[in-house]
Structure formats: C-alpha cells, structure tokens
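Everything below concerns the one structure shown next.
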Ligand code: DQA
C-alpha cells in the first residue's frame, strides 16, 4: 500500500494558478496515481485535505501500518512543525513531492521543514513527480545514494 497525501489547496488543481501548477485537475491527478499503481501492481490510495488534523491522522495511520507515503505537504511544507513531526514518526519511506520548483519561487518557499525527514524529494516536474515517486517506491532504485537519507 502506498498513500499519496495532498495538503491544502491541492484539491483545486486545474483552476488554481495554472501558470504555476498546470491544467491537470485533482481528479486527473488521482487517476494518474491510481493507474500508475495498477500498472505496477501496488495499491495506491490518494487523498487531499485542507485540515491539518486530518492529515496528521492519515500520517499516524501510515506510521502504524508501516506504509510508504508520497506527500505533497503544500503550504504546510514551509511552516508546520506538526506535519513534520508526524512525518518523522513514519516507519516506511517518504517521498516529498512539489509540483512546482519551490527553489525558483518566492524566498519563503525555498525551505521545507519536511525535507529533513524525507527519504527523497521531487520538485518542479509537475504532476509527473507523483508518477516518478510511486515508480521509485515500487520498483526501487539500486543505485539510490542512501548517505543523505535517514531511511
Ligand atoms: C506546492 C508548493 C508550495 O509552496 C505551495 O504552497 C503549494 C504547492 C507544489 O506542489 O508546488 O500549495 O507544494
């Protein structure tokens, strides 16, 4: 089981700042992740919430199950110590995904509190980043450097 968890405002993909986030809708994103999972023979559950407590509950459940997580923490990336602490409890791997390249945008987006507890980070590849994250978690990459990762 892989959980693909999305934070605030990502339910509005498609109409939300299309110049930044593209025209793929949230429904398209769900389909992309589910199709990637079924092609690779892994169950993928995709969720989105604007409520931090709900995200924390999903992360706690993933920790208890030992499940791998693909997380786009959205704005929480930049200020939520609570989301970071919940990510720190995960027992499976964590891939942090950002649709946009947060490093080329406003200064306040350059730092993610989540990255220090992530297995790896994908940013700036659009929604394709989700597909790549699921493929990585499913097929693995024997050449992955592990030195910088805590998992
Ligand atoms: C985002 C980048 C964040 O800075 C922003 O707050 C988001 C989306 C991305 O996917 O590029 O909501 O995580």
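With neighbours defined as other Cβ atoms within 10 Å of a residue's Cβ, the residues 4, 83 order from fewest to most as 83, 4.
Taking label points 7 Å from Cα along the Cα-to-Cβ direction, residue 17 and residue 40 give a separation of 2.8 nm. In terms of other Cβ atoms within 10 Å, 76, 58 run from fewest to most in the order 58, 76. Extents of the chain, taken as max minus min of Cα coordinates on every principal axis and listed largest first, are 35, 34, 31 Å.
When 16, 131 are arranged by Cβ crowding within 10 Å, least crowded first, meaning fewest neighbours, the order is 16, 131. Take every Cα-Cα pair in the stretch 24-65 and report what % of them are more than 12 Å apart. Of the Cα pairs, 66 percent sit more than 12 Å apart.
Once the convex hull of all Cα atoms in the stretch 61-108 is built, its volume per residue stands at 73 Å³.
We did not get these values from a lab; they are worked out from the coordinates using the rules stated. This is a predicted model, so every value here is computed, not measured. Every residue, glycine among them, receives a Cβ derived from its backbone with ideal geometry; neighbour counts consider all protein chains shown.
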